[in-house]
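Right, one structure below, let's go through it.
Just so it is clear, none of the values below were taken in a lab; they were calculated from the coordinates. Everything numeric in this text was worked out from a predicted model, so none of it was measured. Backbone-built Cβ (ideal geometry, glycine too); neighbour counts: all protein chains shown.
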Amino acid sequence: MRNFIITLAFLVIIPNVISCTNINREEGYAYFRLKTDPSTLDPAYIVDVTGGSLSAKLFNGLVRIDHDLSIVPDIAESWSISPDGMVYEFHLRDDAIFSNGRTVKASDFIYSFERMLDPKNNCPNIWVLDKIKGVEAFRSGRAKAISGLVALNERTLRITLERPFNPFLSLLSMPSAYVVPKEEILSRGDSFGFEPVGSGPYKLKKWEPNVEIIFEARDDYFSGTPKVKGLTFRIIPEDLTAVTEFEIGNIDTISLPASAFGRFTRDPEWNNMVVAQEGLNTYYLGFNCQRPPFNNVNIRRAVGYSLDRRKILNTFFENRGRAADGPVPDNLRNWNIDVRYDHNPDRAIEILRSEGITLPVKADLYITADQDVVDMAEVIQSYLNRSGFDVRIKQLEWSSYKQALNRGEADMFWLSWWADYPDPENFLYPLFHSSNLGPAGNRVRFIDERVDLLIEKGQRAVSDEERNRYYGRAENIIMSKVPWIPFWHRNDHIIHQKRVKEITIAPIYSSDKGMEISLSEAARPDN
């Protein structure tokens, strides 16, 4: 998610620490693992991947993202966009029903959007909907309603924007744009996030904090009844415990931890049970572009030539991703990257000497204290120290690390960015537009007026062809200025039990409705 870092799991096996026993499984339910409890299931307040993934099974938006990264109907069965890209008209299906039995109406979306944007509610993700006309007047108290939201009738919603914004449909697939029933918000108040009522294929059956969350399948969902009776999410913080629970059959599927990847993929009993999905993310080595030594673009380029990123991907990372040529993931890019920094340590030293600076170039590399990140940092350090640098590794726990990056303390840092929605804009505007310096995403403190202008033109483009032209130019300029070194786009891997007959990995955390998974007849009771 926005400003969200994910690090790979490193496991230290300690004998006799874990004691696992077979659990009493509820027949017909698929069992999953969560690392932590979500902070809430109220879509207006969700800021974490866990909450977003769970809420997608309880709620709906106007549109959703499918497995091909296309925007497809959700509660809106069709829509039209004006030629100038300013007016969106959505026609709602007539069989979408909240789990309390009431039909979803256009006015419910207006309530949900205004609730999210009302400053009294202090919702965190107003950027998802703040492109709608009249939001500023509404939030400042100059208007009682948002002028750009109009229900033409119970089944037709018109949304007018302040100006064209090409990714707007993608934004409407996010949890912040899910529809909620007003009467349930009013009756439940602050407890709605823990007693949610939505229009999705599942409803909450039980939530025992730090133990498990259970969803029950609905038989009145507009896209049909799910293939399982329900979903059980067990809260298991430790990866080693989760792997053990999977191996004894207490969990049907888990995200494959880094340290267990090789063992399962090389095991003939399990390798056919591993499923992969190209991830929408970029792992990178970032620079502070506003202070020495990396305010000098040539020194940044020397770092690029020093690193054998493909070898690191093939060995250290075990080919669990795709080589990154730029910040935009390859499965979102529709243009070529012309600027590359292939491994050439002689070229790196030549650049440094041509700058007339004293070698070695000293720099601090900030990382989190996770062991896999420490190992990665040592690989980077080894390459750079052979090419005219003197890199010192500085480990911090996560909250201190994030504060240090937000304050611009690090010379270099290791980080990743994961898509909120499948659009190149989500990897260009937050990370490189000068309006987002620091905590908003542009932690490298990169400033380039041409890049700002090209990103803004891409946001306002009416056609995808025009959008791609602007974004392609922007990304190539970014790579020529090398504010960070892209390493790879990590693939997601899950492993499942043999009783799981159908399962897929959602390309976006909020796009999985839980409709695909099915179990063998032996694990599913008769209906």
How far apart, in nanometres, would the label points at Q290 and Q395 be if each is projected 7 angstrom from Cα along the Cα-to-Cβ direction? 2.9
Hey, how many Å between the Cα centroid of the range 397-433 and the Cα centroid of the range 249-327? 16
Summing -39500 (n - 2.57) over the DSSP H runs of n ≥ 4 in the chain and dividing by its residue number, what mean residue ellipticity at 222 nm do you reach, to the nearest 500 deg cm²/dmol? -7500 deg cm²/dmol
For S107 paired with L152, estimate the spin-label separation in nm (one decimal), with each label point 7 Å from Cα along the Cα-to-Cβ line. 1.9
Pairs from K105/K205; K182/K501; K144/K457 whose Cα-Cα separation, in the structure shown, is over 29 Å: K182/K501; K144/K457
Of all DSSP beta bridges having both residues in the chain, the percent classed as antiparallel (nearest 5) is 75
Structure shown: which of K362/K481; K131/K402; K35/K203 lie over 25 Å apart, alpha-carbon to alpha-carbon? K131/K402
Sort out for me the Cα centre separation of the range 119-136 from the range 195-228, rounded to whole Å. 28
Set the Förster radius R0 to 56 Å, insert the Cβ-Cβ distance between N314 and E77 as r into 1/(1 + (r/R0)^6), and round the FRET efficiency to 0.05. 0.75
Explain nothing, just compute: Karplus ³J(HN,Hα) = 6.51 cos²θ - 1.76 cosθ + 1.60, θ = phi - 60°, for every residue of the range 403-414 in order, whole Hz, x for Gly and Pro. 5, 5, 5, 5, 8, x, 7, 7, 6, 9, 7, 10
What does the highest-first list of 191-200, 269-278 look like by mean Cβ count within 10 Å? 191-200, 269-278
Subtracting the Cα-Cα distance of A404 and N331 from 0.36 nm times their residue separation yields 23.1 nm
Quotient of Cα Rg and 2.2 N^0.38 Å for the range 281-490, N being how many residues it contains: 0.98
Pairwise centroid distance, computed over Cα atoms, of the range 463-524 with the range 50-87, Å: 16
Listed values [x] 66, 22, 20; [y] 45, 25, 23; [z] 39, 32, 19, entry calculated as semi-axes √(5λ) of the Cα gyration tensor in Å: [z]
With the contact rule set at Cα under 8 Å and sequence spacing of 6 or more, what percent relative contact order holds for the chain? 22
Sequence-separation-based contact order of the range 59-192, relative, with Cα cut under 8 Å and 6+ spacing, percent: 31
Could you check the spin-label model distance between E378 and F194? Points 7 Å from the Cα along Cα→Cβ, value in nm. 4.4
Let me understand the range 404-527 better: what is its radius of gyration from the alpha carbons, and its Dmax, in angstrom? 20.1, 63
Total formal charge among the other residues, if their Cβ is under 10 angstrom from that of L152, Lys/Arg +1 and Asp/Glu -1: 0
Given backbone amide H placed at 1.01 Å from N, residues whose amide H is under 5 Å from that of F32, ignoring those fewer than 5 places away on the same chain, are T232, F233, R234, D252
The summed charge of the Y111 Cβ neighbourhood (under 12 Å; Lys/Arg +1, Asp/Glu -1) stands at -2
Add +1 for every Lys or Arg and -1 for every Asp or Glu among the other residues with Cβ under 13 Å from the Cβ of R469, and state the total. +1
Sorted by mean Cβ packing within 10 Å, highest first, what order do the peptides 29-35, 295-301 take? 29-35, 295-301
Ordering 426-433, 124-131 by per-residue average of other C-beta atoms within 10 angstrom, highest first, gives 426-433, 124-131
Would you kindly compute the Cα radius of gyration of the range 59-192 and its largest Cα-Cα separation (Dmax), both in Å? 14.3, 43
